[in-house]
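Rule-based calculations on the coordinates, nothing more; no lab input. Only a predicted model underlies this, so the values are computations on that prediction, with no experimental measurement involved. Backbone-built Cβ (ideal geometry, glycine too); neighbour counts: all protein chains shown.
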């Protein structure tokens, strides 16, 4: 479903001559195709599941976030702005992330069920919040809950 949405929006962006959006969408589609080729080479079914496509889109968003931080540290606001614009486009294909308060509720629920070790707690929280929360934020919440 995400893949079809990206494909159709790429066609619209090309018709509208929106070079930024079409460039970002082409890059995502190329990542998807590379992953399909990789799976086919490993002897698996080359068709990606919705979760695999979502993971690829998340990885691209994460790359942009990391690049923004690095460019800002290097006083390259021009390059950071390009990455921010790409990130905005990529985030339209991702589900909305949970707020810190919602993550805290889930983590506290897991902790109250008897889990008090950091590694176990974060593992269970990430399994429960898969695709809905940033791992870094979950880690911060788990640390604060355990203190």
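Can you bin the range 69-111 into rounded, prolate or oblate? Criterion: square roots of the alpha carbon gyration tensor eigenvalues sorted a ≥ b ≥ c, rounded for a/c under 1.5, prolate for a/b above b/c, oblate for the rest. The shape class here is oblate.
When only alpha carbons are used to place a centre, the range 37-69 and the range 79-147 end up 19 Å from one another. Each label point was placed 7 Å from the Cα along the Cα-to-Cβ direction; for residue 111 and residue 50 their separation is 3.2 nm. Rounded to the nearest 500, the 222 nm mean residue ellipticity of the chain from helices alone is -25500 deg cm²/dmol, with -39,500 (n - 2.57) taken per DSSP H run of at least 4 residues. Packing around the peptides 24-32, 37-45, taken as the average count of other Cβ atoms within 10 Å per residue, puts them in this order, highest first: 24-32, 37-45.
With r defined as the distance between the Cβ atoms of residue 79 and residue 29 and R0 fixed at 35 Å, what FRET efficiency is calculated, to the nearest 0.05? Once the sixth-power term is evaluated, E becomes 0.90. Taking the longest Cα principal axis of the chain as reference, the axis of helix 50-73 is set at about 90 degrees. Shape class for the range 100-146: rounded, because the ratio a/c of the largest to smallest gyration tensor axis (alpha-carbon atoms, square roots of eigenvalues) is under 1.5. The angle between the Cα long axis of helix 118-128 and the longest principal axis of the Cα atoms of the chain comes to about 50 degrees, rounded to the nearest 10. Against the chain, whose longest principal axis comes from its Cα atoms, helix 135-146 is set at around 10 degrees.
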